[in-house]
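Visitor: The structure that follows is given in the form of structure tokens.
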Amino acid sequence: MKERVVITGMGIVCPIGHDVQTMWDNLLAGRSGAATTTIFDAGTFPTTFGAEVKNYDLSGFVKNSTLHEHGNRGSKFVLGATVQACRQAGIDVETDPPSDGIDRERMGIYLGAGEGSVDNDVFFEAIVKGWKAQSNEMDWAKWTEVAHAGMTPYRELEQEPNLPAGHIALLTGARGETRSCLTACAASTQAVGEAVMMIRHGRADIMIAGGAHSMIHPLGVTGFNRLTALSTRNDSPQTASRPFSATRDGFVLGEGAAIVILESLDSARRRGAAILAEITGFGSSNDAFRVTDMHEEARGAVQAMQAALKDAGVTPEQIDYISSHGTSTTENDSIETLAIKKVFLEHAAKTPISSPKSVFGHLIGATGCAELITCVLAIRDQILPPTMNLHDPDPALDLDYVPNKPRKASVECVMKESFGFGGQNNVLILKRFEP
Amino acid sequence: MKGRRVVITGCGAITPLGMNVPETWQALLAGRCGIDTIKAFDPAGFSCQLAGEVGPYKFRDYLPKSYRKASKLMSRDIELSIIASDEALKDAGVTTQAFDPDHITLRPERTAIQFGAGLISCDLVELAPSVAVSITDGKFDIHKWGKAGMENLTPIWLLKYLPNMPACHVGIIHDIRGPSNSITCGEVGGHLAIAEAADIVARGDAEMALAGGCEAKVNPIVMIRQCLLKRSTSVSNENPEGACRPFAADAAGSVFGEAAGVVVLEEFESAQKRNARIYAEILGTGSSTNINPAYEHLEPDGKGIEIAIKKALAEAGITPDDLDLIIPQGTGIPQDDAAEAAAIARAMGDMVESIPAWPIKSMVSHTGAAAGALDVIAALEALSESKIGPVRNCDIKAEGCRLNLRHQGQERTIRSALCCGYTFGGQTAAIVLKKLEGYA
């Protein structure tokens, strides 16, 4: 007998709010999180703006925040999100021993988490001092001298993408199955999906699952700018993320963390935890096409969507809403629309689709779980979040993208999709919990 | 495992000890060491100047003609994973589109790919010319970087360093379209990728999976990080072959290296049906986490490892009496070795002194995300050939270490083997493998 898997807690730290309700209110109001970049001086970069998490104070969430003071931005964001989610689910944090009655060996962690930034000043200084331009080679002795003097062990260690999961273990005492993955923009959707599978097949009773990422740093923005993946609408950051619009010109880089508490129905009932939604389907695929482009016929996306529907035992007409990957890049929004048409056939035009990235930006590894949380809220409040900035519809994209304002709707069953750079596609199905 | 039975039918590796599994295995049996002074860059200023480096290889030989142009998108980690995958699939007797497009036996949508990958550090020599045009008064100038510096960099620069790229490229080369994940759990990523792939096959989401890990740690940034964290040995630069000394009284730190290891997992019935050679069955896996604010080290009692081992044994439905081999992480970092040995001792009870333990990093070096895959491959060969190599560089055991570490190689029946591992950052893992009589 497979276990049913439900959500019993949620937490978020993102550009439009440091808690779930604030994020939701801002999303429904279409209040963008984008603005001129302040984390570093991006003044001459092709893209000078992003969606930053601002005025975030870890000590507002974590009592012993000095334990985590070296944490990278992702680690610090994910601690705040985890505290919120655990509080809602009735899981003790920062208590040893905990009094919530939960067996820590049956409570695990699965994050889709990104790497931390390099230590920029010393990183670049060491190259400047070490590089011999005449001979095009590195003087390693010189490089090493600068690097050794300037780099600090913890700052270096915190660049590793598995550190956020380590911080959560320390915060919660979770000792169950633990993993961290990084499949680019699909990472936290994949983390939630695999965590669901762990509970379904008895490996854990509770999983703290989600994502954390910040790539708003010089090398991160450089990488995306070189790929021409980012919007360069520098004169209007707040309208730059415009998924499915004819004038879309790239995504808006955001940052943040999102966590859901996944739990077997049995465990949730035993503990008397309030159930927020049920996750009933997960589908995962690999494009196996090109690392630079999505498959032209949306092969991988279609396969993942179909696998998720099959896993959930539902048909396309039972899906009330699709929370899209909707990045605002030319390619994604076209291919994603094609994939929806191929899977949903005549139901495609009748199924509302929207992209929260139009408001909070693209949180990269953390984005899938952040968007999953908006799906739970859509079911809770019977309202669909809008795709903002959709004033110039792309004639080739003719589905219902819930443009510019939220919409009341009957929402029982939702599909959440995420597609990663390189071709990893992950899709979840969730629905209102019915006993 | 719950669900379908999962077996391993192919192995591939490229390591400091050899360009493939047979060479690596023979070196391990002979107790040879692949650690030497770093050649990839001049390590003179480093406290540890040693590494396990892979010998020269002709990468083009491993790429189908139609995909050779993509080699400019590949970091060394990706190259190593492609080479090891090529061997693993051939060893399993699977024909992919890369081998013979007219006789493909791999089923693309029913095959998964899960790799453990490290934080792929950028190539400083590639980046330096861009930095060099971004200097004002001898200092890095981000305004210049945002224009001239950035423009100097290849447009696809980022794609070389995303940790999911090894699985992406291998998936493209062999047309693998099932579930795909990249486990970024530092030095236990290889173990965990294999464990997750086993779950995917067991639950029926794929009938075959390519799984393992790759990491090219011989990069100045990665190496200096280990020096700063005092995880690498600083006392043995004149004696590379004696440098890495897992569980030894005179251990002084680890030596890092580069490798890839890949195995082919398969549903038992489908392997039987095609008369595949079966190395072993994956009987159980487990993972947990170490809780220690000093993220670079294990907690002193190694409890996270003990939990992972106990879970894996419980799932396997066996007890320590059934084990004939343990391949521990055994890094040569004294406090971590002590914690790991203590955890294994508690999980094994009195059996700890009789089950042979065989740490291999004294020979192959610590290859990060590849390490778990190499451990599993060593265990598979040991199960198949009923042989264990010598424990190298552990002349006198560290005080309190109860592991059974033998200086001499031995021939003995090995029914089941345990591989366990851990990483900085906390995650731990264990995998139990069992020999299937009559299928080797």
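Visitor: Being of a type in the set (A, V, I, L, M) and closer than 23 Å to A:ARG31 by Cβ is the requirement here; does A:LEU182 meet it? It would help to see each step written out before you state the result.
Guide: Details: of a type in the set (A, V, I, L, M): yes; closer than 23 Å to A:ARG31 by Cβ: no.
Criteria not met by A:LEU182.
Visitor: Going by the structure shown, is A:PRO406 modelled with pLDDT under 95, over 20 Å from the mean Cα position of the chain (by Cα) and more than 30 Å from A:ASN225 (Cα to Cα)? Spell out the reasoning first.
Guide: Working: modelled with pLDDT under 95: no; over 20 Å from the mean Cα position of the chain (by Cα): yes; more than 30 Å from A:ASN225 (Cα to Cα): yes.
Judged against the criteria, A:PRO406 is not a match.
Visitor: Quick one: in region B:1-37, which of the residues that are part of a loop (DSSP other than H, G, I, E, B) and charged (D, E, K, R) is nearest to the other protein chains (Cβ to nearest Cβ)?
Guide: B:LYS2
Visitor: I'd like the residue in region A:19-48 that is acidic (Asp, Glu) and more than 14 Å from chain B (Cβ to nearest Cβ) and, out of all such residues, is surrounded by the fewest Cβ atoms within 10 Å (Cβ to Cβ).
Guide: Out of the qualifying residues, it is A:ASP25.
Visitor: Still on this structure: Among the residues that make up region B:112-123, is at least one of them more than 18 Å from B:LYS160 (Cα to Cα) and more than 11 Å from chain A (Cβ to nearest Cβ)?
Guide: Within region B:112-123, none of the residues are more than 18 Å from B:LYS160 (Cα to Cα) and more than 11 Å from chain A (Cβ to nearest Cβ).
Yes/no matrix, rows are residues, columns are (1) in contact with a helix residue (DSSP H, G or I) (Cβ under 7 Å, 6 or more places away or on another chain); (2) in a loop (DSSP other than H, G, I, E, B):
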position: B:LYS39; (1), (2): no, yes
position: B:TYR67; (1), (2): yes, no
position: B:ASP77; (1), (2): yes, no
position: B:ILE104; (1), (2): no, yes
position: B:GLU109; (1), (2): yes, no
position: B:ILE113; (1), (2): yes, no
position: B:SER121; (1), (2): yes, yes
position: B:GLU126; (1), (2): no, no
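Visitor: Those residues that are surrounded by fewer than 24 Cβ atoms within 10 Å (Cβ to Cβ) and among the polar types (S, T, N, Q), I need them from region A:356-397; list them, please.
Guide: A:GLN382
Visitor: Here is a further query. Filter region A:289-346 down to the residues that are hydroxyl-bearing (Ser, Thr, Tyr) and within 14 Å of chain B (Cβ to nearest Cβ) and list them by number.
Guide: Matches in region A:289-346: A:THR292 only.
Visitor: Go over the candidates A:THR66, A:THR8 one by one and state the one that is in contact with a helix residue (DSSP H, G or I) (Cβ under 6 Å, 6 or more places away or on another chain) and not aliphatic (A, V, I, L, M).
Guide: Working: A:THR66 fails: in contact with a helix residue (DSSP H, G or I) (Cβ under 6 Å, 6 or more places away or on another chain).
Answer to the selection: A:THR8.
Visitor: Output the number of the condition that B:GLY425 fails; it satisfies all remaining conditions of (1) assigned to a loop (DSSP other than H, G, I, E, B); (2) within 26 Å of B:GLY349 (Cβ to Cβ); (3) among the small types (Gly, Ala, Ser); (4) within 14 Å of chain A (Cβ to nearest Cβ).
Guide: (2)
Visitor: Are there any pairs with C-beta distances below 9 angstrom linking a residue in region B:20-37 that is without any contact (Cβ under 8 Å) to a residue 40 or more places away in the chain to a residue that is hydrophobic (A, V, I, L, M, F, W, C), with the two at least 6 apart or on different chains, and if so which?
Guide: Within 9 Å, the pairs are B:GLU23/B:ALA13; B:GLU23/B:LEU17; B:GLN26/B:LEU17.
Visitor: Oh, and also: With respect to B:VAL131, is the statement that it is farther than 20 Å from B:ALA193 by Cβ, at the interface with another protein chain (Cβ under 7 Å from one of its Cβ atoms) and either surrounded by 17 or more Cβ atoms within 10 Å (Cβ to Cβ) or touching a Cys at 6+ places or on another chain (Cβ under 7 Å) (or both) true?
Guide: Answer is yes for this residue.
Visitor: Residues that are under 16 Å from B:ILE14 (Cβ atoms): find the helices (runs of 4 or more DSSP H) completely inside region B:331-397 holding 1 or more of those. Give the steps one after another, and end with the answer.
Guide: Working: elements: B:334-348, B:361-364, B:371-385.
Output list reads B:361-364, B:371-385.
Visitor: Then there's this: Taking A:TRP143 and the conditions (1) buried (at least 24 other Cβ atoms within 10 Å of the Cβ); (2) within 33 Å of the chain's Cα centre (by Cα), which numbered condition does it fall short on, given that it satisfies the others?
Guide: (2)
Visitor: State which residue is nearest to the other protein chains (Cβ to nearest Cβ) when the search covers only region B:198-215 and only residues that are under 30 Å from B:PHE41 (Cβ atoms) and touching a Ser or Thr at 6+ places or on another chain (Cβ under 7 Å).
Guide: Once the filter is applied, the top-ranked residue is B:GLU215.
Visitor: Which number in (1) in contact (Cβ under 8 Å) with a residue 24 or more places away in the chain; (2) farther than 16 Å from B:PRO16 by Cβ; (3) part of a helix (DSSP H, G or I) marks the one condition that B:ILE318 misses?
Guide: (3)
Visitor: Going by the structure shown, is B:GLU196 surrounded by 24 or more Cβ atoms within 10 Å (Cβ to Cβ), part of a helix (DSSP H, G or I) and either free of Cβ contacts under 8 Å to residues at least 12 places away in the same chain or among the acidic types (Asp, Glu) (or both)? If you could, list the steps in order and put the result at the bottom.
Guide: Numbers: surrounded by 24 or more Cβ atoms within 10 Å (Cβ to Cβ): yes; part of a helix (DSSP H, G or I): yes; either free of Cβ contacts under 8 Å to residues at least 12 places away in the same chain or among the acidic types (Asp, Glu) (or both): yes.
Criteria met by B:GLU196.
Visitor: Hey, another quick one. From the list B:SER75, B:SER71, exactly one residue is within 14 Å of chain A (Cβ to nearest Cβ) and buried (at least 19 other Cβ atoms within 10 Å of the Cβ). Which is it?
Guide: B:SER75 is the lone residue from the list that is within 14 Å of chain A (Cβ to nearest Cβ) and buried (at least 19 other Cβ atoms within 10 Å of the Cβ).
Visitor: Of everything in region A:151-175, what is in contact with a Pro (Cβ under 9 Å, 6 or more places away or on another chain) and over 27 Å from B:TYR161 (Cα atoms)? Give them in sequence order.
Guide: Correct list: A:LEU170, A:THR172, A:GLY173.
Visitor: What are the pairs, 6+ residues apart or on separate chains, where a residue within region A:137-150 that is in a helix (DSSP H, G or I) has its Cβ under 6 Å from a residue that is at pLDDT below 95 and surrounded by fewer than 16 Cβ atoms within 10 Å (Cβ to Cβ)?
Guide: A:ALA141/B:ALA44
Visitor: Additional query: Just a yes or no: is a residue in region A:362-371 over 13 Å from the mean Cα position of the chain (by Cα) and not in a helix (DSSP H, G or I)?
Guide: Checking region A:362-371: not a single residue is over 13 Å from the mean Cα position of the chain (by Cα) and not in a helix (DSSP H, G or I).
Visitor: Under 9 Å between Cβ atoms, which residue pairs at least 6 apart in sequence (or on different chains) link something in region B:158-176 that is at positive phi and facing chain A (nearest Cβ under 7 Å) with a partner that is of a type outside the set (Phe, Trp, Tyr) and not in a helix (DSSP H, G or I)?
Guide: Pairs found: B:ASP175/A:ALA288; B:ASP175/B:THR96; B:ASP175/B:GLN97; B:ASP175/B:ALA98; B:ASP175/B:ILE104; B:ASP175/B:LEU106; B:ASP175/B:THR111.
The values are calculated or read from the model by the stated rules, or taken from the named source; none is laboratory data. Remember, it's a predicted structure, so these values are computed and weren't measured experimentally. Note that we place each Cβ from the backbone using ideal geometry, even for glycine, and neighbour counts take in every protein chain shown.
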